[in-house]
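The structure appears below as C-alpha cells.
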Amino acid sequence: MDKKADPTNPVLLDTIELLQEQDAPVWREVAENLGKVNRRRPEVNISEIERVAEEGETVVVPGKVLGSGRLTKEVKVAAFNASRSAKNKIKDEGDFMFIEELVDENPEGTEVKIVK
C-alpha cells in the first residue's frame with residue numbers, strides 16, 4: 001500500500017486483505033494497485049478491455065471500469081467497482097463480477113489478465 005494512501009472504505013480494506021492472503025502473485029499485484037491513493041487507482045474504459053482482451057478471457061481491473069466504448073467479445077471482467085453503464089455493457093456480452101468473487105472462484109489466479 002502507498003505510504004500516503006490510508007483507505008477508510010471497509011470494503012476496500014477487506015478486499016486488499018483478502019488479496020494479500022492469497023499465494024498467487026497476480027492477486028498480490030492487484031492488492032498493491034488497490035492500495036494506491038484513490039486518484040492513482042486505474043480507471044479503465046470498456047474500449048480498453050475490448051482492445052486488450054481475447055474472446056473467453058478473464059480480466060481484472062484493480063480499480064474502476066467505466067462505460068465508454070463497446071464490448072463485442074465474451075469476456076469475464078472483475079473489478080473493485082464499475083459504473084452502471086459499464087456493468088450493463090459487460091453483462092450484454094460476458095460476465096461482470098467483483099474481485100472478491102473472482103478470488104473465490106479462482107484462488108490460484110490462473111489465466112487472469114490485469115488491465116490497468
Quiz prompt | Under the Karplus curve 6.51 cos²θ - 1.76 cosθ + 1.60, θ = phi - 60°, whole-Hz ³J(HN,Hα) for region 54-71, x wherever Gly or Pro sits | solution = 9, 3, x, 7, 10, 10, 10, 10, x, x, 10, 9, 10, x, 6, x, 9, 10
Quiz item: How about region 1-107: which trypsin sites (Lys or Arg not before Pro) there lie in a loop by DSSP and see at most 16 other Cβ atoms within 10 Å?
Solution: K3, K4, R70, K73
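Scan region 1-100 for GluC sites (Glu not before Pro) in coil per DSSP, keeping those whose Cβ has at most 15 other Cβ atoms within 10 Å, and list them by number.
Working: sites: E17, E21, E29, E32, E43, E48, E50, E54, E55, E57, E74, E93, E100; in loops: E54, E55, E57, E74.
Qualifying residues, ordered by number: E54, E55, E74.
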Quiz item: When the Debye formula is applied to the Cα atoms of region 10-114, each taken as the same point scatterer, what base-10 log of I(q)/I(0) results at q = 0.13, 0.14, 0.16, 0.18 Å⁻¹?
Solution: -0.41, -0.47, -0.62, -0.79
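Laboratory data are not the source of any read-out in this text; all were calculated from the coordinates shown. What you are looking at is a predicted structure, and each value in this text was computed from that prediction instead of being measured. Note that we place each Cβ from the backbone using ideal geometry, even for glycine, and neighbour counts take in every protein chain shown.
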